[in-house]
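Structure record follows, encoded as C-alpha cells.
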Amino acid sequence: MKIFCIGRNYALHAKELGNAIPESPVVFMKPVTALLKNNLPFFYPEFSEAIEYEAELVLKISKNGKHVQSKFAKDYYDEITVGIDFTARDLQSKLKEKGLPWELAKAFDQSAVLGEFVSFDQLKNKDEISFSLLKNGSIAQEGTSKDVLFTFDELICFISQYFTLQAGDLIYTGTPAGVAKVAIGEKYEGLLEGRKVFECEIK
Ligand code: ZN
C-alpha cells in the first residue's frame, strides 16, 4: 500500500509558503508507518519545534491501474475522507534550502492522520466537497475540492503514469491556505461536509 501526497495544490497555500504555482502536480510519498488512525493521539516528536497541520481531502484508490486515461479516472476512487499531513516545517525549510528530499519533514511516524472513509455516493455535492479542521472546537482551516489546481481525475492520470495504482492506496490531495503550528494539549477534529471523520489530540 502506498500513500501519495500532493504539495501546493491550492494556489493560496502555495502563496502563503512563498512557493510558485506548480505547472504539474508536486508528488511525494509517505510510508505506511506514517498512518495515524482510529482517533489516536499525535505525540509531538523531539526532532522538530514547528510541527504544522495541513488538513487535506484523502482519496482511497478502489482498483489497480496504470496509465489511466482521464475519461476513466473516476472509476479508480470511490471513497474519501479528511486527514492531516503533519509537516515539520523547520526541517522542511532547511531541506528545501539545500535542495534535499523532504522525507524527514513529511514522512515520519504518525505524520498522516486518516479519518473514517465516506463513500462518494453519500456526498451532498461531489463537485464541491467541503472540509474543515477544527482546533479546540473553532475553525482552523477550511476548503473545498473546487479550489484545487489539479482535480482528482488529473491526479489519478498523472500519478499513474509513474506508479501503478493499487486498490487501497491513498492520495492526500493537498491543503488549502491557513496552515499553522500545533501545540501540545490541542485537540483537532476533521469534518467532511460538516460530518466529523476524525479527532486527534496533540500529546
Ligand atoms: Zn500536504
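The table below gives the values:
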read-out: Residues (within 16 Å of the ligand (Cβ to nearest atom) and open to solvent by 10 Å² or more (accessible area, probe 1.4 Å)) located in the range 58-89; value: Arg89
read-out: Unmet criterion (only one of (1) crowded, with 17+ Cβ neighbours inside 10 Å; (2) touching a Ser or Thr at 6+ places or on another chain (Cβ under 6 Å); (3) more than 17 Å from Tyr44 (Cα to Cα)) for Ile139; value: (1)
read-out: Residues of the range 178-198 classified as open to solvent by less than 60 Å² (accessible area, probe 1.4 Å) and either in a strand (DSSP E or B) or modelled with pLDDT of 95 or more (or both), total; value: 14
read-out: Test: residue in the range 2-12 that is within 11 Å of the ligand (Cβ to nearest atom), under 14 Å from Leu170 (Cβ atoms) and in contact with a Pro (Cβ under 6 Å, 6 or more places away or on another chain); value: yes
read-out: Failed item, numbered, when Met29 is tested on (1) open to solvent by 60 Å² or more (accessible area, probe 1.4 Å); (2) more than 15 Å from the ligand (Cβ to nearest atom); (3) not in a loop (DSSP other than H, G, I, E, B); value: (2)
read-out: Exclusive hit being at pLDDT 95 or above and under 17 Å from the mean Cα position of the chain (by Cα), set Leu95, Leu114; value: Leu114
read-out: The lone exception for Leu104 - which of (1) surrounded by fewer than 20 Cβ atoms within 10 Å (Cβ to Cβ); (2) more than 16 Å from the ligand (Cβ to nearest atom) it fails; value: (2)
read-out: Some residue of the range 124-140 being within 15 Å of the chain's Cα centre (by Cα), at pLDDT 95 or above and under 19 Å from Ser62 (Cβ atoms); value: yes
read-out: Verdict on Glu16 being open to solvent by 60 Å² or more (accessible area, probe 1.4 Å) and away from the ligand (no atom under 15 Å from the Cβ); value: no
read-out: Long-range neighbours under 6 Å by Cβ, at least six apart or interchain, first residue touching a residue at least 60 places away in the same chain (Cβ under 8 Å) and aliphatic (A, V, I, L, M) within the range 73-97, second assigned to a helix (DSSP H, G or I) and open to solvent by 10 Å² or more (accessible area, probe 1.4 Å); value: Ala73/Asp153; Ala73/Cys157
read-out: Hits in the range 165-177 (condition: under 18 Å from Ser62 (Cβ atoms) and either within 16 Å of the ligand (Cβ to nearest atom) or assigned to a strand (DSSP E or B) (or both)); value: Leu165, Leu170, Ile171, Tyr172, Thr173
read-out: All helices (runs of 4 or more DSSP H) inside the range 72-164 with 2 or more residues being acidic (Asp, Glu); value: 89-98, 152-162
read-out: Every residue from the range 110-119 that is surrounded by 15 or more Cβ atoms within 10 Å (Cβ to Cβ) and at negative phi; value: Ser111, Ala112, Val113, Leu114, Gly115, Glu116, Phe117, Val118
read-out: Condition broken by Ser48, with the remaining ones in (1) over 21 Å from Tyr188 (Cα atoms); (2) away from the ligand (no atom under 15 Å from the Cβ); (3) open to solvent by less than 10 Å² (accessible area, probe 1.4 Å) satisfied; value: (1)
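The values are calculated or read from the model by the stated rules, or taken from the named source; none is laboratory data. No experiment lies behind these values; they were computed from the predicted model shown. Positions of Cβ are backbone-derived with ideal geometry, glycine not excepted, and every protein chain shown enters the neighbour counts. When the accessible area is computed, the model is the full protein with side chains, heavy atoms only, and any ligands, DNA or RNA have been set aside. Shrake-Rupley method; radii C 1.70, N 1.55, O 1.52, S 1.80 Å.
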